[in-house]
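Have a look at the structure below before the remarks.
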Amino acid sequence: MQYLLLIYENEANRQNIDRAKMGEEYGKFTKSIIESGNFKGGDALQPTTTATTVRLKDGKPVTTHGPFAETREALIGYYLIEAKDLDQATGIAARVPSAKIGSIEVRPIMVYN
Amino acid sequence: MADQIELVFRNESGRVVATLIRLLGDFELAEDAMQDAFAAALAQWPSEGIPDNPRAWLVNVGRHKAIDRLRRHMRFLAKRQEIEADLMSDHQIGQWFPDDAVAEQGPEDDVLRLIYTCCHPALPSEARIALTLRTVCGLTTAEIARAFLVSEATMAQRLVRAKSKIRDAGIPYQVPSREVLAERLDGVLAVIYLIFTEGYAATSGANLIRDELCREAIRLGRLLVELMPDRGEPDGLLALMLLHDARRGARTTPDGDVILLEFQDRSLWDKAQIAEGLSRVEAGLRAPALPSTYAVQAAIAALHMRAERYEDTDWPQIAALYGVLMRIHPSPVIELNHAVAVSMVDGPEPALRLVDSIDKRGELNGYHMLPAVRGELLRRIGRREEAVAAYRLALSGAELEPERRFLAARLAELA
């Protein structure tokens, strides 16, 4: 089964983290799930200050600055993984370096029959 | 005969559905299969007699009924799509669920797997309770809805959503690995205890289904003890439930008013159940590392139950056990109970100091039991006006009728 791991962190806190160390941990983690065959994709996202949201109003696109909603924890990256079941997927999610300081949402990918 | 069949269904449905889920790999399919098997049993057993091994009969018939359903469904799909050539042969469908898979694993393993799946942390708490009662205990949706005071439609939806999540999110049907077993066991115990406390907090005497919840929780507790013999935590929980439940006959007046432990007629306590509970307490304290909170609470209950009369209760031991409980499971509610025990050993004044310091921290704001306890202590000290104020505050927060009547009675005494 495929799952998307959505990585959330409190952006205000990010200044207090040793980002070099975090980057190293991410490198190790990504390598390990590639080796185990679980990795299908993943990226870090630029901060929410770079986000733009698009909606349609009366059929016309309206763009506004910022993420779709202001939340205390913001989406900062994702992984697409293959796992045999939810327990394996949550086990992998728990090892994402940001799990120590933020939250990882685990969402199964829609399967069409 | 109908009664005997009913009893067989009640006792076996959990194990039957658990095995069918393992064989068929799907909750819905397994439940439909079991319903079909029950229907067949109701049709055949009155004339043929109840089989020697009813569980095996139901599993086998259920499995065949499921295969039949799948064949019909495949034919229906084929008709709709006019695909003849690729239709899987009847023989091939049968091979999905071979006969020897039935005997492969014991029904005990299947039930344990089922319990851990129903209590999976990825399911919302109320869904875990509903699913456990429905699939492991075999209560009907209507019965569970009545017990939790929601409509049958609401409860049915809750169950549907839970099974959908199991399927769509890939919640595995298995007993967890060693690394997470202790933590997941805690979760299972918590679900069982929630079922018990829901039944134990019976408000209206006429609501028999709440008694039934205590019975089911105890049944689940016994099942877990049987299925996990090398762990002591299930014994602790079973002991606690047995001891609390043993007081059932003495807890309320015919009108449904609460009778405090202090004033209960101990001759109405279930002695056999107390004996069983007491033997379980020892087993519960055997748990690997620290004793579980259930084991310690059971030890406290045991001290109450051993006393011939309220006056003979070993309060110093109880206070000490609350001290242990506070260390392994710190919580302001447990601190409050500790204070009550302290009041019995050292008098109301030291206890009041403890309660006031808990109050000051604000963690129990809105919890009516705190002012209720303060009221009791102030009353014993003789500070009437303050006691009245505390009881009034407690009354404003109390929701259960028997508790309200008790507090109102105390207020009337002090007026």
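The values are calculated or read from the model by the stated rules, or taken from the named source; none is laboratory data. Owing to the predicted nature of the structure, the values given are computational and were not obtained by experimental measurement. Using ideal geometry, Cβ is built from the backbone for each residue, glycine included, and neighbour counts are taken over all protein chains shown.
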Can you find even one residue in segment A:70-82 that is within 14 Å of chain B (Cβ to nearest Cβ), closer than 26 Å to B:LYS165 by Cα and charged (D, E, K, R)? yes
Say whether the condition of being more than 14 Å from chain B (Cβ to nearest Cβ), on the phi < 0 side of the Ramachandran plot and not polar (S, T, N, Q) is met by at least one residue in segment A:83-90. no
Could you tell me how many of the residues in segment B:305-334 are buried (at least 20 other Cβ atoms within 10 Å of the Cβ) and touching a Leu at 6+ places or on another chain (Cβ under 7 Å)? 2
I'd like the full set of residues that are under 19 Å from the mean Cα position of the chain (by Cα), part of a loop (DSSP other than H, G, I, E, B) and surrounded by fewer than 14 Cβ atoms within 10 Å (Cβ to Cβ), limited to segment B:147-184. B:LEU149
For segment B:133-159, what are the residues that are among the β-branched types (Val, Ile, Thr) and modelled with pLDDT under 95? B:THR135, B:VAL136, B:THR140, B:THR141, B:ILE144, B:VAL150
Reported set for segment B:169-197 where residues are in contact (Cβ under 8 Å) with a residue 12 or more places away in the chain and within 14 Å of chain A (Cβ to nearest Cβ) is B:ALA169, B:ILE171, B:PRO172, B:TYR173, B:GLN174, B:VAL175, B:PRO176, B:ARG184, B:GLY187
Of these, B:ALA341, B:ALA387, which one is touching a residue at least 24 places away in the same chain (Cβ under 8 Å) and either loosely packed, with under 14 Cβ neighbours inside 10 Å or under 30 Å from the mean Cα position of the chain (by Cα) (or both)? B:ALA341
For the subset of segment A:94-113 comprising residues that are within 12 Å of chain B (Cβ to nearest Cβ) and either not in a strand (DSSP E or B) or not aliphatic (A, V, I, L, M) (or both), which member is nearest to the chain's Cα centre (by Cα)? A:GLU105
For segment B:148-168, pairs from a residue that is touching a residue at least 24 places away in the same chain (Cβ under 8 Å) and more than 14 Å from chain A (Cβ to nearest Cβ) to a residue that is of a type in the set (Ser, Thr, Tyr) and surrounded by 14 or more Cβ atoms within 10 Å (Cβ to Cβ), with Cβ under 8 Å and 6 or more apart or across chains, are B:MET155/B:THR141; B:LEU159/B:THR141
Scanning segment A:42-66 for residues that are at positive phi and surrounded by 10 or more Cβ atoms within 10 Å (Cβ to Cβ) gives A:GLY42, A:GLY66
